[in-house]
Amino acid sequence: MSRAAARATLLHMLPGHLAAVGEAPERVLNRAGLSVEDVETGRIVPRAQIHHALALAARHLGVAELGLALGGSADAAKLGPIGHALAAGHSGEACLQAHIAAMPTLQSHVTLQLLKQGPDAVMVHGLVGDDETAWLLYEGAAAFHVFMLRHLLGADWVPGRVVFPHACKGRRAAYEDWFQAPVVFGSGSQVRIHMQRAALGSPLRAAHFAGDIAGPSKAAAKVGTVRLGASETRTAVDRIIRSSLPDGPATLQQAAEILGQSARTIQRRLADDGTDYETLVDDCRRAKARVLLARPRASVTAVAMELGYSDAAHFNRAFRRWEGGSPQDFRRTLNGMPGRSESSPG
């Protein structure tokens, strides 16, 4: 498992993109064990959660090239020191070097370098320890860096070529249109943005970066490895379970992969908080069942499906275990009517 961590502000563009198409940001982020508040406050989380949130969003939106849209709409000011670094130099190269130096305040386990090869320069970006799920973050980062360089060097600047380590997931033409350069997929183990070195050395005009990033950068500690505590693990797992119920609750192994942990570690953290995975699933279903049954137009079968049960009979048995009576008894009690035992699954 990767031990990489990142500030959730990496996703600050995502809620707006989801809301614009009528998708609830909280619902998508919860499936990754995150919340909108985590994104807004820049909480340090396992980078695996960032990858999962991006993948979920791409599926919900039906846009494999989502990284391009996110990278091109990033607000440098919301990225903290790495954004302020973009205004720190007299040349594109100086700004990039300051940006690279500040990257540890945003995420750990990153290789970010500006290599000089004769008349050429190559910006190299690698996510250390991450697996193939990193492709969307790679594409978003490349889009952001090109977006940033166009502001620094002029709107007509284009890279020589952009190289990704993963296979092409979307429409190749969409990438080439966005970068205005050849795009290579499935080469090497890092992202590489090739450019002319001379352009980076030219003095920049005043106010060279659009956006409100003026003023001193706020100090930020480096992001190290992250170890979710017992209560943090429980909160994240609870979000994952609740948001996944209609499709059948996420399994322990699935939740562990989302959090970038082993299943044994998740169980151990939950035990430290006085619970276990199966109990959390049961508690989530019970709490949601009470809310759904309070809606008079929701049938018992519909409620069962919303909770991820295969049929109403399984839901009825679980509800009797929780409440000592059937869902129909519960509804009659809510309506001030005397309850009675129900023998049918309803």
Expressed in µm² per second, the diffusion coefficient of the range 102-261 from the Stokes-Einstein equation, with Rh the Kirkwood radius over alpha carbon pairs, at 37 °C and 0.692 mPa s, is 176
Calculate log10 I(q)/I(0) of the range 52-100 for q = 0.30 Å⁻¹, where I(q) comes from the Debye formula with a single equal point scatterer on each Cα and nothing for solvent. -1.00
Ignoring trypsin sites (Lys or Arg not before Pro) that are buried or in helix or strand per DSSP, and keeping those with at most 14 other beta carbon atoms within 10 Å, what is the longest stretch of the chain between them? 1-170
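Assigning unit charges at the beta carbon (Lys, Arg +1; Asp, Glu -1) and nothing else, what dipole magnitude in debye, to the nearest 20, does the chain show about its Cα centre?
So the dipole magnitude of the chain works out to roughly 420 debye.
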For the chain, what is the mean residue ellipticity at 222 nm derived from helices alone (per DSSP H run of n ≥ 4: -39500 (n - 2.57); sum divided by total residues; nearest 500 deg cm²/dmol)? -14000 deg cm²/dmol
If you count only protein heavy atoms with a 1.4 Å probe, what accessible area per residue comes out for the chain, rounded to a whole Å²? 45
Working from the pairwise distances between different alpha carbons, so that the mean of 1/r is found and then inverted, what is the range 1-100's Kirkwood radius in Å? 14.3
Helix 312-323 sits at what angle to the longest principal axis of the chain, using alpha carbons and giving 0 to 90 degrees rounded to 10? 80
Which angle between 0 and 90 degrees, to the nearest 10, do you get for helix 135-153 versus the longest principal axis of the chain when only C-alpha atoms count? 40
Given R₀ = 25 Å, FRET efficiency for Ala263-Arg43 by Cβ-Cβ distance, to 0.05? 0.60
When the accessible area of the chain is split by element with a 1.4 Å probe, what percent falls to carbon and sulfur? 52
For Rg/Rh (Cα atoms, Kirkwood Rh), pick the label among (i) 0.95; (ii) 1.08; (iii) 0.98 that corresponds to the value derived from the coordinates. (ii)
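The values are calculated or read from the model by the stated rules, or taken from the named source; none is laboratory data. Computed from a predicted structure; not experimentally measured. Here the Cβ is made from the backbone with ideal geometry for all residues, glycine too, and neighbour counts use every protein chain on show. Side chains are part of the model used for accessible areas, which takes the heavy atoms of the whole protein and leaves out ligands, DNA and RNA. Shrake-Rupley method; radii C 1.70, N 1.55, O 1.52, S 1.80 Å.
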